[in-house]
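See below for the structure under consideration.
The values are calculated or read from the model by the stated rules, or taken from the named source; none is laboratory data. None of these values were measured; they are calculated from a predicted model. All Cβ positions, even for glycine, are placed from backbone atoms using ideal geometry, and neighbour counts span all protein chains on display. Side chains included, ligands, DNA and RNA excluded: accessible areas come from the protein's heavy atoms. Shrake-Rupley method; radii C 1.70, N 1.55, O 1.52, S 1.80 Å.
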Amino acid sequence: MGAKPHMPNSFVIKNKEIKFLELKLKKELNDKKFSNLKKYTYAILAAREFKQLKFPEKALEFYQIAKDIKVDENKIEIIQAISKKQTVTKSSIFFYDSNLKNLLNNKLYEKAILSLNPDQLNDPQNSQYRIIYDLLNVKIKKRAVKKLYCFEEYQKNPDDYQYSNLLCDLLVDYLRDGILGNDHIKVVEEYFLKHDLKEIYLLQIAKEIKGSL
């Protein structure tokens, strides 16, 4: 680890870049190889991204697209976004009841990220979920991810030896360079084996990101 080139926590995006992003997302949603669940997840993540980038009209458009995709998923996030009424407890990190660890252990990554409410990730009491959300977002969207929720805390102390920082460091490198070295994975694996076996299931997601390169 050590000093890293800055990766912006958010970025200024121009209208032409928004149009390109919109067209790219819609092209992906028309990919016949994608299951309905994958299309639905992409649409929800697109809506969340536009919301995060302060383009509420585009966010609403993709929530509407997601609404029309036939999936057996809880659509409370869409209902809340379209109606603009708060139907989920404001402090809740979950849109609905979810056994997150069980979903991750069974590699149900789309269902896992759909259950998480990114609007609550900046709440200090939800800090442990930031790296989980980032791992899932990168696993699904690869280098198209524009923001890591773990980055702000990581940037304050990049040499802090804890699994959230080690995994964030790994994601920063991947988004910047498009590669993940075996040595990087080994550092994270060594940490889990020595210090935190109960959270080692997160390592599998990182390995799958590397394996998909």
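Over the residues of the chain, compute the C-alpha Rg and express it relative to 2.2 N^0.38 Å.
Ratio of Cα Rg to 2.2 N^0.38 Å: 1.01.
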About the Cα centre, charge dipole magnitude for region 22-132 (Lys/Arg +1, Asp/Glu -1 at Cβ), debye: 220 debye
How many Å² of accessible area per residue for region 31-139, probe 1.4 Å? 52 Å²
The chain - mean residue ellipticity at 222 nm from DSSP helices (-39,500 (n - 2.57) per run, n ≥ 4, rounded to 500): -17500 deg cm²/dmol
So what's the angle, to the nearest 10 degrees on a 0 to 90 scale, between helix 15-29 and the longest Cα principal axis of the chain? 90 degrees
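Can you tally the net charge around residue 109? Count Lys and Arg as +1, Asp and Glu as -1, for every other residue whose Cβ sits under 12 Å from the Cβ of residue 109.
So the environment of residue 109 carries a net charge of +3.
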Surface share of carbon and sulfur [accessible, 1.4 angstrom probe, percent] for the chain: 50 percent
To test your reading of the geometry: what angle, between 0 and 90 degrees and rounded to tens, separates the Cα axis of helix 201-211 from the longest principal axis of the chain? 80 degrees
Computed over the chain: longest principal axis from alpha-carbon atoms vs helix 130-141 long axis, angle to nearest 10 degrees, is 70 degrees
